[in-house]
Amino acid sequence: MTSRLRQGAGGVGAGAARRRAWSAAMVLAVSLVSAAATAQEHPEGVVFVRDAALYFVPTEGKTEAVELGSLGDDAGPVTRLTASPGGDAVLVEYGDRVALVSLRGPSARLRVLACAPPAYFDHGGHRVACTGPANRLAVHELEAGIHRLSDIVASQVKGFLDDHSLVLVNGQELWAETLEPNPTQRRLAPHLPTNALLIGPHGHRAVGVYPPLRDHKSAAIYGFKLDGEGVRRRLLAKAVPVAWSHDGEWIAVQGERVGGCLMRPTGGQYKCWRRFDALSLSPDGGYLLLSKPADGDQRVDLYAARRDGVHPDAPRLIVRGATGPAVWVPATSGSVADRP
C-alpha cells in the first residue's frame, strides 16, 4: 500500500510554490481588518461570508453580525468553511489558498497557511492537514506553530481518525495511516464512494454517495463503519451528504426533491425542509443551518431549523444577504457579541 500513498520529496518548483504561499500569507495578514476590542470567547454562532469579508453572529438573541476581517478584493470566491471542534478557529478555503481564522484572543486573527485546499482539522482541532508543494501533504501543528511536509500524497487524504491517523484513498479502498516516523497502516473499508465522502468527526463512521446497488435504480447516500469491513446501509436516494454534527450523531443532507435534511447516519430518522439548502449543523445536531435565495440578487439568507418536534418547524431567520458559505461554530465560554 505504501507505494500508492507516498511519493518522493521535492519536485521542480516546490521552493517557488512555498515562497508564493508565504508571500500570499504576508499580504493577507496585512489586509486583515480586525474588529476592535473583542471578548476572549464566544457563544454558539455562525461564521459566514459577505462581500469578501467574514462575519460572526450568535444563533440566539438579536445581536448584530460582527465583522471578523476582510479577505481582500482579490481573494476570489470562498468555497468552504470548517469550524474546529472546540469552536476556537475556522478554516477558510478560497481559490488555491487556505486561511485559519482564530476566534480567541483580543481580536479575530487570520493567517494564510502555506498550502492549498482541501484542508482538514484533526479530531481535537490541534492540527490541520492540507496540500503542500508537488502534491505532498502539509501538516500544521497549530499550538506549536510547526509546519512540515510529508511524503504522503495529499490528494489521497480525506480526513482524520480520533487517534490522529489519516484517512487515505488507496485504489478503491479506504485506509488509515499514522503520521509517526515509522507509519502503520490498516484498511478501513473495502470500497469507495463515487462522490461526497465525509468522514465522521470521531473517525468511526463515514457516509458517501454510491451508484445504484443491487435492485435500486438511483444513486444514494450510504453509511458504513470504518471497521475494515464497511458494511453499507442505504440512507437516502438522490441526495448528497453535506456535514456532520460534532458529536457524530447527525448529518446534514441535501436532496434533489426533499431540500435540506437532518438525519441519522445509521438511518431510520430524518427531517427535511423543502426549498432550502443544507449547510451545517449545530454541535449536537439540534439545529440545521439552511440557506435560501434572497430576493433580487445572488445573495442568500441563512436560517436555523430545529430538529425536535413531530413536524418540521418553520426555519428561523438568522442572517440576511450572505454571499458565500456558512458554518455553525461551537460555543466557547464568553461572547464575541460583547464587542463595543
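Residue-level check: of (1) assigned to a loop (DSSP other than H, G, I, E, B); (2) under 24 Å from GLY208 (Cβ atoms); (3) in contact with a Phe, Trp or Tyr (Cβ under 8 Å, 6 or more places away or on another chain), PRO312 misses just (2). The number of residues in segment 108-125 being out of contact with any Pro (no Cβ under 9 Å at 6 or more places or on another chain), in a loop (DSSP other than H, G, I, E, B) and surrounded by fewer than 17 Cβ atoms within 10 Å (Cβ to Cβ) comes to 0. Could you tell me whether ALA99 is of a type in the set (A, V, I, L, M, F, W, C), touching a residue at least 60 places away in the same chain (Cβ under 8 Å) and either open to solvent by 10 Å² or more (accessible area, probe 1.4 Å) or in contact with a His (Cβ under 6 Å, 6 or more places away or on another chain) (or both)? No, not satisfied.
Hey, does segment 171-192 have a residue that's over 24 Å from ASP247 (Cα atoms), touching a residue at least 24 places away in the same chain (Cβ under 8 Å) and of a type in the set (A, V, I, L, M, F, W, C)? Within segment 171-192, one or more residues are over 24 Å from ASP247 (Cα atoms), touching a residue at least 24 places away in the same chain (Cβ under 8 Å) and of a type in the set (A, V, I, L, M, F, W, C). The set of residues in segment 182-208 being touching a Pro at 6+ places or on another chain (Cβ under 7 Å) and surrounded by fewer than 19 Cβ atoms within 10 Å (Cβ to Cβ) consists of THR194, ALA196. Once segment 182-225 is narrowed to residues that are out of contact with any Gly (no Cβ under 9 Å at 6 or more places or on another chain) and among the charged types (D, E, K, R), the residue that is nearest to ASP151 (Cα to Cα) is LYS225.
Only a single item in (1) open to solvent by 10 Å² or more (accessible area, probe 1.4 Å); (2) within 15 Å of VAL46 (Cα to Cα); (3) more than 15 Å from the chain's Cα centre (by Cα) is not met by ALA322, and it is number (1).
Checking each residue of segment 174-181 against the condition of being surrounded by fewer than 22 Cβ atoms within 10 Å (Cβ to Cβ), under 17 Å from the mean Cα position of the chain (by Cα) and closer than 30 Å to HIS147 by Cβ gives no match. In segment 295-318, of all residues being farther than 20 Å from LYS271 by Cα and surrounded by fewer than 20 Cβ atoms within 10 Å (Cβ to Cβ), the one that is modelled with the lowest pLDDT corresponds to GLY296. Inspection of segment 2-14 finds no residue satisfying the criterion of being surrounded by 20 or more Cβ atoms within 10 Å (Cβ to Cβ), modelled with pLDDT of 90 or more and either touching a Ser or Thr at 6+ places or on another chain (Cβ under 9 Å) or aliphatic (A, V, I, L, M) (or both).
The values are calculated or read from the model by the stated rules, or taken from the named source; none is laboratory data. These numbers come from a predicted model, not from an experiment. Positions of Cβ are backbone-derived with ideal geometry, glycine not excepted, and every protein chain shown enters the neighbour counts. When the accessible area is computed, the model is the full protein with side chains, heavy atoms only, and any ligands, DNA or RNA have been set aside. Shrake-Rupley method; radii C 1.70, N 1.55, O 1.52, S 1.80 Å.
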